1. What's the FRET efficiency of Ser261 with Val28 using the Cβ-Cβ distance as r and R₀ = 41 Å, to the nearest 0.05?
2. Count the net charge of all other residues whose Cβ sits under 14 Å from the Cβ of Phe98, scoring Lys and Arg as +1 and Asp and Glu as -1.
3. Scaled to the compact-protein estimate 2.2 N^0.38 Å, what is the alpha-carbon radius of gyration of segment 53-158, rounded to two decimal places?
4. What shape does segment 1-129 take by its C-alpha gyration tensor, where a ≥ b ≥ c are the square roots of the eigenvalues and a/c under 1.5 counts as rounded, a/b above b/c as prolate, and the rest as oblate?
5. Are any of the pairs Lys99/Lys351; Lys320/Lys351; Lys146/Lys320 more than 18 Å apart by Cα-Cα distance, and if so, which?
6. Would you mind putting 124-134, 380-390, 103-113 in packing order, based on average other-beta-carbon counts within 10 Å, highest first?
7. In percent, what relative contact order does segment 304-385 have, based on Cα pairs under 8 Å that are 6 or more apart in sequence?
8. Using amide H atoms built in the peptide plane, which far-off residues or other-chain residues are under 5 Å from Gly158 H to H?
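Computed from the coordinates by the stated procedures, all read-outs in this text should not be read as laboratory data. Just so it is clear, the structure is predicted and the values come from calculations on it, not from any experiment. All Cβ positions, glycine included, derive from the backbone under ideal geometry; neighbour counts span all protein chains shown.
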Amino acid sequence: MLTKTPTISRNVLKLLAITGIVFFALVVLPLLFCNYVLHLPEYVGAGVALVPFISITICIIRNGGFSDVGGKITGIKYNTRFPLFFHFDADPPKKYRFKEIDQITRIIQPGDVLLRRHDHYIDGLILSQTTYFTHAAIYYGKVGEKENQVIHAVGKTGVSWVDLDKFARCDDIAILRFEIDPRMQQDEIRRPGSTSMSFVAEHRKRAVKKLPDIIPEGRGSVLSNEIVRAFDVRSFIADVVADKSSIISQIGNREITLFDSLKSDLSTDGRLATIPPREEYVTLVLDMANALLGKQYDFEFNFVDFKRLSCVEFVWYCYKSLFPLHQIRRKFFSYFNWVHTLVMVPDLFLKTQFFKLYYSSVHVENKKGRPDSRLRTFVKRRLLHFWVFLGKMVLCQLLLLLIVWALFRMFWPGAIFHLPATQ
């Protein structure tokens, strides 16, 4: 049984504090400005404060009511110029920037990882704080009579199929292909002991130094069972193999064979002694992806329990047998510049040399260096700053109040103003 650490309670308290700050900025501040600066009636300030919430509610009602609210919220976009107003964009979206679907159709191959980005969605206000690309999927190819099929995990349908042309209706997209370069040295491939408990010990030292809040109270420098298990990748595969009744168990046997082979088959000079055929591991990845069809979406982003899967969990889970090489694992990310949590994000697939960039629609002005390194630098600089966005919302509210004040002064002078009492 996994033990809970004080980190969870701290983060909950931090989220409550952030909620209070947002409430003060979007509700209390407009009321104070309306009443004490513009001397307008309180209901005017209340009306302006409720504009974004009313706008979101209208979007939900117009698109089927309050059933599956989580799924509907992910389809709501905010207005970039005046982010108090929202509108619903269908899935697939009607407005998107990427139009070169024919180009990626010529490049893409089964097993490729697709990363995509949609601008200005509500869920992007959280996701875009730590990652430029907000969704990940695996290209499968032909399924029966259907060509160009993609498997991904989404809120409404869980792990499911989607046509490539529908999936690619986005603002930016990238194609990554797992490839093993026999010239890579061992230190570029893996850290010593990264799949064993020695990596946990290494991480513990860094955790104590940089993030002391992850250390359970009264246990010194010992990490929680949850964090230890999260780094024990082989245990995920072993759990799958243990369930003899499932089809996934049969695939798990092949996964654990490949995992152990890669882990042990590193020669003393730091090179892989035997490189597995691409067809072998691509087939394994696609078989696992197909076996996961129908899994529900993980709205909690719990990277320890894989009974439900978010988009990144799904892609990582399909590629977990290749972990000794790609080394993609959960990392600590900061949300709202305050809440630290251990998660995986789509951009992590850009940071390993084993997922080679084959296509990117992102326009990068700097032409120096390799395309993948330029893209990594670009996406790191394009992360969303939530507090800047919140400040923009507040300024828009104050501007709206000034417009209302000007209209009242023009058409109803003195009639409904709260003028200060004269001595």
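1. That pair, Ser261 with Val28, gives E of 0.10.
2. Net local charge, Phe98 excluded: +2.
3. My calculation over the Cα atoms of segment 53-158 gives 1.22.
4. Numbers: a/c = 2.47, a/b = 1.46, b/c = 1.69.
Verdict is oblate for segment 1-129.
5. Over 18 Å Cα-Cα: Lys99/Lys351; Lys146/Lys320.
6. The densest-packed peptide leads the list: 124-134, 103-113, 380-390.
7. 20 percent
8. Tyr297
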